[in-house]
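Bear in mind these aren't lab numbers, they're just calculated from the coordinates by the rules spelled out. Predicted model only: the values in this text are computed from it and were never measured. Cβ sites come from the backbone with ideal geometry, for glycine too, and all protein chains shown count toward neighbours.
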Amino acid sequence: MNREKVIVSWSGGKDSALTLYKLLNNSKYQVVGLLSILFKHTDGKEYIGMHMIEKSIIAQQSEKIGIYLHTIYYTDSKSYHNKMRAFLEWCTSENILHIAFGDIHLQELRKKREQQLATVQYFPCGICNQRK
């Protein structure tokens, strides 16, 4: 059975960890990478915007998990959108057609992401939306 390739948006928080756990335990998907969106703070360090977790911690998590970490660095909204579009185009060229976000309870953010991803004909993985 060919499993669908997916990249997990990785913030280092519990929601992205739960998303990864669900995907690793779902025979439909093959997790082929983690993705962290970073910015350079005025203190000179690189952080995940959502949680202010340093890149070094995210890199350690990725190494311990054993899944490759992709990073996107942004300076403003325009650079974020351009770099994200380029990354998703690369994913498509590699037959990676899903991205999973763990912030499942932030409805407005999820809707905005779904709209942005649809502009490049790319759709988020719905694993996190499933509740038992």
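Would you kindly state how much longer the chain becomes between Asn2 and His41 on full extension, computed as 0.36 nm times their sequence separation minus their alpha carbon distance, in nm to one decimal?
Taking 0.36 nm per residue and subtracting the Cα distance, the gain is 9.9 nm.
Grab the beta carbon distance between Lys111 and Met52, set R0 = 22 Å, and tell me the FRET efficiency rounded to 0.05.
Numbers: r = 24 Å, r/R0 = 1.10.
Calculated value: 0.35.
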Inset, instruction - List, in order, the whole-Hz ³J(HN,Hα) value for each residue of the range 35-44 obtained from phi through the Karplus relation with A = 6.51, B = -1.76, C = 1.60 and θ = phi - 60°; use x for Gly and Pro. - result: 10, 10, 9, 10, 9, 8, 7, 5, 7, x
Legend entry - FRET efficiency, Leu18 to Thr75 (Cβ-Cβ, R0 41 Å, nearest 0.05): 0.85
Inset, instruction - Provide Rg over Rh for the range 16-107; use the alpha carbon set for both Rg and the Kirkwood Rh (inverse mean inverse pair distance). - result: 0.96
